[in-house]
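Structure provided below as structure tokens; questions to follow.
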């Protein structure tokens, strides 16, 4: 009897509970709980113990000093600004390169479009680390690419400014360049998705009403692709701002980005509260606005 | 009216050059006989030979594959459940939190995920004595967590597209909901599950940041090995390793693309034929 | 001869090996409603797109008001189009859609523009919806936005691509008359592309029937319907009974035909070009056939039995077996039968007849 009751319960509710419950519990334990721990550590005091933090002493419950340091210490403020600047420039450049590429993709024949789309997606599947590494080879002092740039520079500028090689590595320029390279597909794909959806008849309607191609682009194509621009921008900006691999390999060590700082505070300085506080600040600054935006965006879409 | 703009086609050409020249250059220099990785000194395959005799590289590759296999499989099961739950159960307590949990890891900077996973494992060992040493287990757990949300995104997208009526038809014909899941839903979305698994596998195989936080002594995955060497600069044997990895993955993706393209063309041809024969 | 307002001269269009439009010659007068009628793939839409400037003819010329349109891009043509899907800009309000084309009109002040938009919205009775977005209005309202938007620039020629196809039946009838009244008030020349013969017949002053890229016949709705010049046109517009026939001889103003399918001779009105012994087609419209139980006096009378009938209320369609042939007759139910019984019912023996003037002889 009880077996029958169980199977009835399972058919109606139990199986649904299992399907929702398993991933729910997993994410709560392995994603949400760790984050709560980080959040609480960010409000603790750094001590020379193991693990290197404790609650108590001067600030028994909450010690906000890590957050105060983020706001006042120029090291952290500069790191945030550098991160935001590099990620912002990278996102903007990705847009400038990616938009015409995505638009071009919608204008070629179907066969070529499939080939080109595959070429855009292919880097996704190849190692991120190796794509960064590929640029290290190109930017190095003795590389053919650097040699090419050096020759071009020396031809263009007066003799006095001539250089032996272009100092590309270990600079913000290198960081932005590699970011654009590695994140460009993240910009092209959402842009392509939103451009491809547009009805070409609307272009014709605008032309029919007296718009030249450039005006058609400004009045019809561009405004309708704004969701794609925002999606692509966020997909580039957010991971770029928290990037650790790129600044470590090609960046300027004296101008660290946030990701590097979190890792250093945690590893070398063994200051867990500080590392946690920077992580929380990064999250509040970037991830929360994104999630709110996409939440309201989904709501607005739903009401249409 | 077909509008083909010279400007757009030029940008497209330069864009692809930008995307592929660095990789091609790396491949070319993997055959360089010179020790200086960026100066050409003649053709040679010696770096490949030294790669295959390097036990460290082989061990790291095996560990990476083991982690990727286990984590992507578990991530696919959990991610598929989450994707189905989000698409089919529109009303349950905590749904908002659940959908937040499923999207958050997608946009969470890897450093934060990595550091919070590490702190979690240290604290857990402190409280309950498990996991004793970090390595295969902790890396795998972390990989499952962040790759399952990619699977759930793909599955959810496919579920939203699929016709609800076929599931209702199965229930109408006497199937219980969980039978419908196995008889109808899973077969229909199986291509999405497969691509989810492939993505999870690749992400796991490729990950540096989260792995570097959750690993312990003696557990070096291939990306970690490359990471530690690359930090010191460009070397020809890494060029060779990179070439092998890029070509393997590239061949796989191209093959998958061609197979999918052929299947699609086949399906269209079949449909046309059926249409004509029934006319 | 006076130059017509719109002259299409020997226009052809090929896409690769496929010839979409073949040597079309048409003249449309100012203020006319002219319909291009044909099935899908007949080339009517391609012709329309050449008028709008989205396609250039492979051969031939288009003159509007005496001006050669060759090489004039769409945005410079005084020709506007109402698209089949309406092509309303989804990211602009109704008002912004209607005013969009006016942005390109130099010398129009902001106030002038607003006034013109208001005037157009008034014309199509959409004033209260000016601030709405396209997804907040109905299909019929979208159609009127598209119309107002195209008319706002005061085009010399308005092209309407299947203007009523997306509307439901009831709305379609109403909109038909509204379109005609708007055309009358604005005096703009309309060219309507449609696959729907009824739509073409009610809207247009003249119709060009197209098939496989060619214009088959041009004429008023009555001409096209009552005097089709080919089997294709007769069959495309309305329904028709058609039979193979042979010309026997002339009899006064009429022809005597031998029609094996009807099992006898038929007297039909003479047509130019018919000679004795020639193979021709005989076409008779179902509503031109009288049906009764008594033998009529008409020279063309045949007896058969009712095989099928469809009762529509005000009229009925009969399918009468006559030898091997099935003849369709469409009769108005002018009287009521007794107690629900029909006057002519299934399997009844009936007489069919038609006047010589109703019989259409098609030489080609």
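No lab work stands behind these numbers, since they all come straight from the coordinates. Note that the structure is predicted; figures quoted are calculated from it, not measured. Note that each Cβ is placed from the backbone with ideal geometry, even for glycine, and that neighbours are counted across all protein chains shown.
Which order do B:159, B:148, B:123 fall in if you start with the one that has the fewest other Cβ atoms within 10 Å? Please report the intermediate quantities before stating the final value.
Working: B:159 21, B:148 31, B:123 15.
Ordered from fewest to most neighbouring Cβ atoms within 10 Å, B:159, B:148, B:123 come out as B:123, B:159, B:148.
Here's a follow-up. How big is the antiparallel share of DSSP beta bridges in region C:156-285, given as a percent to the nearest 5?
Numbers: 22 of 27 bridges.
Around 80 percent of the beta bridges assigned by DSSP in region C:156-285 are antiparallel ones.
Now a separate question. Multiply the residue gap between residue C:212 and residue C:68 by 0.36 nm, knock off their C-alpha separation, and tell me the result in nm, one decimal place.
Answer, rounded to one decimal: 49.2 nm.
Once you have the alpha carbon radius of gyration of region C:307-364, what is it after dividing by 2.2 N^0.38 Å, with N set to its residue count?
On the way: Rg = 13.6 Å, N = 58, 2.2 N^0.38 = 10.3 Å.
Here the answer is 1.32, to two decimals.
Nearest 0.05, what FRET efficiency do residue A:159 and residue B:96 give at R0 = 45 Å with Cβ-Cβ as r? Spell out each step's value before the answer.
On the way: r = 66 Å, r/R0 = 1.47.
Working from the Cβ atoms, E equals 0.10.
Please arrange B:81, B:171, A:234 by counting, for each residue, the other beta carbons lying within 10 Å of its beta carbon, fewest first. Present the calculation step by step, with values, prior to reporting the outcome.
Numbers: B:81 23, B:171 13, A:234 19.
Going from least to most buried by this count: B:171, A:234, B:81.
Shifting gears a bit: Neighbouring Cβ atoms within 10 Å as the yardstick, rank A:186, B:18, A:128 fewest first.
Working: A:186 23, B:18 15, A:128 19.
In order of increasing Cβ crowding within 10 Å: B:18, A:128, A:186.
Now, a different point. Which values of log₁₀ I(q)/I(0), to two decimal places, follow from the Debye formula for region B:175-279 at q = 0.15, 0.22 Å⁻¹ with a uniform point scatterer at every Cα?
-0.88, -1.19
State, to one decimal in nm², a quarter of the convex hull surface area for the C-alpha atoms of region A:74-186, i.e. the direction-averaged projected area. If you can, show how the numbers build up before the last one.
On the way: hull surface 39.3 nm².
Spelled out: convex hull of the Cα atoms, projected over all directions, averaged, 9.8 nm².
Right, next: Over region B:86-133, what number does the Rg to Rh ratio reach, with both radii from the alpha-carbon atoms and Rh per Kirkwood? Write out the running numbers ahead of the final one.
Numbers: Rg = 15.1 Å, Rh = 13.0 Å.
We get a ratio of 1.16 for region B:86-133.
Rounded to the nearest angstrom and ordered from largest down, what semi-axes does the equivalent ellipsoid of region C:6-235 get from its C-alpha gyration tensor (root of 5λ)? Kindly include the intermediate steps, with their values, before the conclusion.
Working: eigenvalues 180, 86, 47 Å².
Value: 30, 21, 15 Å, ordered largest first.
Sticking with this one: For region A:121-241, state what percent of all Cα-Cα pairs lands in each successive 5 Å bin, counting from 0 Å until the bin that includes the largest distance.
2, 10, 14, 13, 12, 11, 11, 11, 9, 5, 2, 0
Another question about this same structure. How high is the relative contact order of region A:86-270? Use alpha-carbon pairs under 8 Å, at least six apart in sequence, and give a whole percent.
Numbers: 188 pairs, mean separation 58.6, N = 185.
It comes to 32 percent, rounded to a whole number.
For q = 0.15, 0.20, 0.22, 0.25 Å⁻¹, what log10 I(q)/I(0) does region A:157-207 give under the Debye formula with an equal point scatterer on each alpha carbon and no solvent?
The Debye formula, applied to the Cα set alone, gives -0.67, -0.82, -0.88, -0.95.
Say R0 is 22 Å: what FRET efficiency, to the nearest 0.05, do residue A:121 and residue A:198 get from their beta-carbon distance? Show your work: numbers first, answer last.
On the way: r = 21 Å, r/R0 = 0.96.
Rounded to the nearest 0.05, the efficiency is 0.55.
Cα extents of region C:1-129 along the three principal axes, largest first, in whole Å?
47, 34, 25
Taking 37 °C and 0.692 mPa s as the conditions, I'd like the Stokes-Einstein D for region A:152-304 in µm²/s, using the Kirkwood hydrodynamic radius from alpha carbon pairs.
Working: Rh = 19.4 Å.
The estimated diffusion coefficient comes to 170 µm²/s.
Looking at chain A, what % of the alpha carbon pairs are farther apart than 36 Å? Intermediate values should be presented prior to the final figure.
Details: 18219 of 46056 pairs.
More than 36 Å apart: 40 percent of the Cα pairs in chain A.
Let me ask something additional. Can you give the helix-only mean residue ellipticity at 222 nm for the protein assembly as shown, where every DSSP H stretch with n ≥ 4 adds -39500 (n - 2.57) and the sum goes over all residues, rounded to the nearest 500 deg cm²/dmol? Don't jump to the answer; show the numbers that get you there.
On the way: 36 runs with 502 residues, N = 947.
For the protein assembly as shown, the value works out to -17000 deg cm²/dmol.
Report, to two decimal places, the Cα Rg of region C:122-253 normalised by 2.2 N^0.38 Å (N = number of residues). Kindly include the intermediate steps, with their values, before the conclusion.
On the way: Rg = 19.2 Å, N = 132, 2.2 N^0.38 = 14.1 Å.
Compactness ratio reported: 1.37.
Nearest 5 percent is fine: what portion of the DSSP beta bridges confined to chain C is antiparallel?
Details: 62 of 80 bridges.
In chain C, DSSP labels about 80 percent of beta bridges as antiparallel.
If we restrict to alpha carbons, what Rg and Dmax does region C:45-119 come to, in Å?
Cα only, region C:45-119: 14.9, 44 Å (Rg, Dmax).
Rounded to the nearest 5, what % of the DSSP beta bridges within the protein assembly as shown are antiparallel ones?
Details: 66 of 84 bridges.
Roughly 80 percent of the DSSP beta bridges within the protein assembly as shown come out antiparallel.
Angle between the Cα long axis of helix C:169-186 and the longest principal axis of chain C, 0 to 90 degrees, nearest 10?
Helix C:169-186 and the main axis of chain C meet at about 60 degrees.
Pairs of Cα atoms under 8 Å, at least six residues apart: use those to get the relative contact order of region C:239-362, whole percent. Before the final figure, lay out the partial values.
Working: 287 pairs, mean separation 38.0, N = 124.
Value for region C:239-362: 31 percent.
For residue C:335 and residue C:127, what is the calculated FRET efficiency with R₀ set at 45 Å and r taken between the beta-carbons, to the nearest 0.05? Mind dumping the intermediate values first?
Working: r = 50 Å, r/R0 = 1.11.
With a Förster radius of 45 Å, E is 0.35.
Above 19 Å lies some portion of the pair distances; for region C:249-361, what is it as a whole percent of all C-alpha pairs?
In whole percent, the share of Cα-Cα pairs in region C:249-361 beyond 19 Å is 46.
Under 10 Å, Cα contacts only: if you run a Gaussian network model on chain A, which one of A:65, A:127, A:83 comes out with the highest mean-square fluctuation?
Top of the fluctuation ranking is A:127.
What Kirkwood hydrodynamic radius, in Å, does region B:54-240 give when the mean of 1/r is taken over all pairs of distinct Cα atoms and then inverted? Walk me through the intermediate numbers first.
Working: mean 1/r = 0.0549 Å⁻¹.
Evaluated over region B:54-240, this radius sits at 18.2 Å.
Note the per residue figure in Å³ for the convex hull of the C-alpha positions in the protein assembly as shown. Could you put the intermediate results ahead of the total?
Working: hull volume 275.2 nm³, N = 947.
Looking at the protein assembly as shown, the number lands at 291 Å³ per residue.
Express in % the proportion of alpha carbon pairs of region A:73-130 at distances exceeding 17 Å. It would help to have the intermediate numbers written out before the result.
Working: 1006 of 1653 pairs.
When every Cα pair of region A:73-130 is considered, 61 percent fall beyond 17 Å.
Compute the relative contact order of region C:146-192 as a whole-number percentage, counting only Cα pairs closer than 8 Å that sit 6 or more residues apart in sequence. Spell out each step's value before the answer.
Values: 28 pairs, mean separation 25.9, N = 47.
RCO, region C:146-192: 55 percent.
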